[in-house]
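A quick write-up on the structure given underneath.
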Amino acid sequence: MQLSPSTKRLPQEKARTPLSIRDRLALILLLLACFVPTAGYCVEDEDPYVFKSMVGRVYFELENLDRNEKTTETKTDKFTQIYSLDLKGNIGSRRLLIYDAGVSLTDTDTDTNGTENGTRSVNYYFTTTLLPKSSIPFTLYGNRTDDTNSTQAGDTDTKKTTYGLRWFLKLRTLPVTTINVEKSSSVSEGSELETTLYRTAMKKELGPTVNELQFDLTRNNDKVNDTGDSSDMGLNFTNRTNISKRTYFFLGASRSVNSSDTTDTKVKGMSFNLNSKPSIDFSQTHNFSWYKSESDGSMEGSNYSGDMQYKFTDRLSSGLSLSAGTTNNESSTSTYESENLSSLLNTSYILTRNLYLTEVISYSEVKTNSSDASINVGDRKVLKVTTNVNYTKPLTWAILQSTVGAGYTEEKSTNQQAGKGIEYNFNLALNDINVNPYVGFSTSASYSFIDSFSGDIGGRTIAYTLDAFNKVWKKYVAMTARYSKSDQSSYLEALDQKTELYRFDANTSYFKNTKLQLFAERNNSFYEANGFSTSDSTGVSASRSTPLLGGSLDMSASYELLYSKFTGGTDRSVTASYTGRYTKTLLKNTAWQFLAQRNDTKTSNSFSNVTYFENSLLNPIRSWLLSLEHRYTINKDNNLEYTESRILFRATRQFVRIW
């Protein structure tokens with residue numbers, strides 16, 4: 001059955017002659033002069049429903065925008081008016097009935113190069129609650145919005161209506177219950193949609209447990225398109241139990257069903273969490289989740305992660321962690337299954353004040369099976385058993401830290417390289433090296449390799465770092481320098497990489513209200529997958545704040561140069577930014593701010609220059625708040641060049657009546 005649209009296009013009328021900017025400004029100033037108020041009223045830290053109140057607000061905004069490009073010019077005048085009135089209070093008494101009601105009107109007229117457009121929105125709302133202070137407050141509410149969009153082609157109307165009820169029940173023996181029923185509709189030309197929501201939420205505390213249950217049902221009815229109906233149903237349950245002061249348990253479950261004329265989707269899942277720290281020596285955490293989704297295909301998966309830490313004695317401590325997961329996806333064209341498992345057992349024993357021993361056993365397993373051969377990587381198992389001896393010694397001139405370790409490594413795979421071997425690792429670090437009164441140092445070096453005696457799983461990693469910092473003249477300037485290098489080779493060629501870094505930083509705040517910063521960096525890298533690359537970057541920045549002529553002047557500037565060379569080409573970019581901001585209070589209560597900023601960016605293939613100036617005034621006149629802004633922008637880049645001038649005037653006022 002064909003339904004007639006609820007709104008009809010009005011016949012085109014003769015366009016109104018728009019008010020000029022001067023006329024609109026004069027109208028606003030006239031209103032300001034007429035409505036200069038007496039002192040307003042305000043109630044702070046009080047129940048707003050004890051008294052009856054009426055709050056009125058007016059807001060005016062006038063905007064003029066002039067944009068000039070190379071071949072086009074765009075002039076836009078925009079005038080926005082907002083009027084609102086809100087009522088709040090009680091009927092009979094604060095405990096019997098309270099209400100909120102209001103109406104607002106928003107009207108916007110826009111003129112762009114002689115083309116007029118307008119929007120008007122009228123909103124009404126009403127909310128009332130019976131017995132608001134009781135254990136069974138009952139609320140009724142409604143909201144209506146009428147939007148009209150006016151163009152030269154005609155007017156288009158949209159009407160949105162929402163009404164509903166909310167009942168809150170807090171009885172002594174029953175769960176705390178909230179019932180909400182809401183119906184909304186949206187009607188416009190060629191469209192009419194109704195939505196109905198049913199929601200019930202319950203909460204009950206039983207001893208140390210808190211249980212919550214929520215049910216939602218949403219029905220969408222498209223009265224124009226017969227295939228546009230749909231519904232969503234959701235059910236959620238949570239339980240939190242405080243087993244003891246340091247142990248809690250959480251359980252959650254959910255189910256949702258989405259139905260439409262074309263497809264149905266069902267999703268369900270659950271989660272579990274246990275967190276316990278019964279003593280200072282023992283702690284544990286366990287997490288489990290499961291989900292399943294059914295539509296044209298199906299997706300199902302589960303994940304578990306757990307961790308336990310125990311301190312047997314002051315010298316001996318141990319920890320165990322485990323994670324596992326499964327994934328099973330099926331569709332009409334393919335299937336995919338995977339399982340993963342990883343575990344880690346670590347034990348630490350303090351031999352002396354400076355020497356301690358660690359033992360780490362790790363195991364990981366991955367299994368995949370897919371009908372798509374490109375992602376079917378097969379099965380892989382990795383076992384590692386490592387023993388480390390760690391030594392720490394404070395010296396008179398540095399802090400020494402070293403680690404020596406060895407372990408067994410075994411890898412098995414159906415489609416990749418595998419084998420067995422012994423892995424060795426050595427680490428040495430000297431921190432806060434104090435060998436002279438001028439410069440401090442820190443350095444570290446590490447080396448690890450796998451000696452394969454079966455298969456081909458060899459690999460080697462070398463890394464070292466040197467840091468330097470000044471210890472004198474710190475009140476003048478703080479300087480740091482770093483050099484680091486790493487080289488990793490693996491039997492899996494995709495993991496081969498080399499990196500080298502040089503960096504220098506200097507900053508100072510010696511001069512009052514002034515900060516200066518400087519850095520320089522070179523980064524060389526090689527990745528088997530991406531090739532070789534080198535980048536050189538240098539940057540400097542400065543900022544200063546100072547009082548000037550009764551105001552405050554803030555200035556900042558930054559400059560950064562980046563040159564990159566990589567496999568296949570080079571690139572160069574320069575970025576510069578300059579900012580100046582001056583703020584001052586004029587005529588005791590008028591805040592003035594002037595802002596000037598320029599941002600320049602240039603690369604090998606593009607450039608961008610943006611300059612803008614902004615003036616703003618903010619002045620409260622009794623209960624009115626007035627602001628005037630002017631912003632001028634100059635933009636140049638390889639694709640676009642334009643200038644833009646924007647003037648914005650705002651006036652707002654609030655009226656309050658309490659009785």
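Observations
- Neighbours by Cβ (under 6 Å, 6+ apart or cross-chain): first from region 577-598, open to solvent by 70 Å² or more (accessible area, probe 1.4 Å); second among the basic types (Lys, Arg) and assigned to a strand (DSSP E or B): TYR578/ARG598; TRP592/LYS584
- Scanning region 178-203 for residues that are of a type in the set (Lys, Arg) and over 19 Å from GLY142 (Cα atoms) turns up just one, LYS203.
- For region 112-150, a residue qualifies if it is more than 18 Å from SER184 (Cβ to Cβ) and either open to solvent by less than 40 Å² (accessible area, probe 1.4 Å) or hydroxyl-bearing (Ser, Thr, Tyr) (or both), and the qualifying residues are THR112, THR115, GLY118, THR119, THR128, THR129, PRO132, SER134, SER135, PRO137, THR148, SER150.
- Residues of region 81-111 classified as farther than 30 Å from PHE649 by Cα, open to solvent by less than 40 Å² (accessible area, probe 1.4 Å) and β-branched (Val, Ile, Thr), total: 1
- Residue match in region 429-440 (condition: open to solvent by 60 Å² or more (accessible area, probe 1.4 Å), assigned to a strand (DSSP E or B) and not acidic (Asp, Glu)): no
- Output for region 545-563, where each listed residue is open to solvent by 70 Å² or more (accessible area, probe 1.4 Å) and either modelled with pLDDT of 95 or more or of a type in the set (S, T, N, Q) (or both): MET555, TYR559, GLU560
- Reported count of residues in region 507-516, each being in a strand (DSSP E or B), open to solvent by 40 Å² or more (accessible area, probe 1.4 Å) and over 19 Å from ARG581 (Cβ atoms), is 1.
- Hits in region 273-293 (condition: surrounded by 16 or more Cβ atoms within 10 Å (Cβ to Cβ) and of a type in the set (Phe, Trp, Tyr)): PHE288, TRP290
- Restricting region 45-80 to residues that are closer than 28 Å to ILE647 by Cβ and of a type in the set (Val, Ile, Thr), the residue that is most open to solvent (accessible area, probe 1.4 Å): THR71
- Filter pass, ILE179 being assigned to a strand (DSSP E or B), under 18 Å from THR200 (Cα atoms), among the hydrophobic types (A, V, I, L, M, F, W, C) and in contact with a Ser or Thr (Cβ under 7 Å, 6 or more places away or on another chain): yes
- Residue check for THR652: part of a strand (DSSP E or B), free of Cβ contacts under 8 Å to residues at least 40 places away in the same chain and either open to solvent by less than 70 Å² (accessible area, probe 1.4 Å) or in contact with a Lys or Arg (Cβ under 8 Å, 6 or more places away or on another chain) (or both): no
- Which listed residue is in contact with a Lys or Arg (Cβ under 9 Å, 6 or more places away or on another chain), part of a strand (DSSP E or B) and closer than 22 Å to SER321 by Cα, from VAL360, VAL385: VAL360
- Scanning region 112-127 for residues that are farther than 19 Å from ASP147 by Cα and either of a type in the set (S, T, N, Q) or part of a strand (DSSP E or B) (or both) turns up THR112, ASN113, THR115, THR127.
- Residue that is in a loop (DSSP other than H, G, I, E, B) and touching a residue at least 60 places away in the same chain (Cβ under 8 Å), where the choices are VAL187, VAL224: VAL224
Table: residues versus (1) out of contact with any Ser or Thr (no Cβ under 7 Å at 6 or more places or on another chain); (2) at pLDDT below 95; (3) not charged (D, E, K, R).
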{"position": "ASP496", "(1), (2), (3)": "no, yes, no"}
{"position": "LYS512", "(1), (2), (3)": "yes, yes, no"}
{"position": "SER535", "(1), (2), (3)": "no, yes, yes"}
{"position": "SER543", "(1), (2), (3)": "no, no, yes"}
{"position": "LYS565", "(1), (2), (3)": "no, yes, no"}
{"position": "LYS588", "(1), (2), (3)": "yes, yes, no"}
{"position": "LEU595", "(1), (2), (3)": "yes, no, yes"}
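- The single condition among (1) exposed (fewer than 15 other Cβ atoms within 10 Å of the Cβ); (2) part of a strand (DSSP E or B) that TYR476 does not meet is (2).
- When region 613-630 is filtered for residues that are free of Cβ contacts under 8 Å to residues at least 40 places away in the same chain and either loosely packed, with under 15 Cβ neighbours inside 10 Å or closer than 23 Å to LEU549 by Cβ (or both), the ones remaining, listed by number, are PHE613, GLU614, ASN615, SER616, LEU617, LEU618, ASN619, PRO620, SER627, LEU628, GLU629, HIS630.
- Qualifying positions in region 407-422 - in a strand (DSSP E or B), open to solvent by less than 40 Å² (accessible area, probe 1.4 Å) and either farther than 19 Å from THR461 by Cβ or of a type outside the set (Val, Ile, Thr) (or both): GLY407, GLU410, GLU411, SER413, GLY419, GLY421
- Pairs, first over 30 Å from SER318 (Cα atoms) in region 328-343, second open to solvent by 60 Å² or more (accessible area, probe 1.4 Å), C-beta under 6 Å, six or more apart: ASN328/GLU300; ASN328/GLU337; ASN329/MET299; ASN329/TYR336; SER334/SER371; SER334/ASP372; THR335/SER371; GLU337/ASN369
- Count of region 294-326 residues which are touching a Leu at 6+ places or on another chain (Cβ under 9 Å) and either open to solvent by less than 60 Å² (accessible area, probe 1.4 Å) or not in a strand (DSSP E or B) (or both): 10
- Residues being of a type in the set (A, V, I, L, M), open to solvent by less than 30 Å² (accessible area, probe 1.4 Å) and under 18 Å from SER230 (Cβ atoms) - total across region 175-196: 0
- Set ASP226, ASP232, ASP216: member being exposed (fewer than 14 other Cβ atoms within 10 Å of the Cβ) and either of a type in the set (D, E, K, R) or in contact with a His (Cβ under 8 Å, 6 or more places away or on another chain) (or both): ASP226
- Counted residues, region 602-612 - those being open to solvent by less than 60 Å² (accessible area, probe 1.4 Å) and either under 14 Å from ASP637 (Cβ atoms) or hydrophobic (A, V, I, L, M, F, W, C) (or both): 6
- Number of positions in region 441-456 that are under 24 Å from ASN388 (Cα atoms) and either hydrophobic (A, V, I, L, M, F, W, C) or not in a strand (DSSP E or B) (or both): 4
- Residue check: GLY455 meets all listed conditions (1) modelled with pLDDT under 95; (2) under 38 Å from the mean Cα position of the chain (by Cα); (3) open to solvent by less than 70 Å² (accessible area, probe 1.4 Å); (4) of a type in the set (Gly, Ala, Ser) but one, namely (2).
The values are calculated or read from the model by the stated rules, or taken from the named source; none is laboratory data. Please read all numbers here as calculations on a predicted model, not as lab measurements. Because the Cβ atoms are built from the backbone with ideal geometry, glycine has one as well, and the counts that use them run over all protein chains shown. Calculation scope for accessible area: heavy atoms of the full protein, side chains included, ligands and nucleic acids excluded. Shrake-Rupley method; radii C 1.70, N 1.55, O 1.52, S 1.80 Å.
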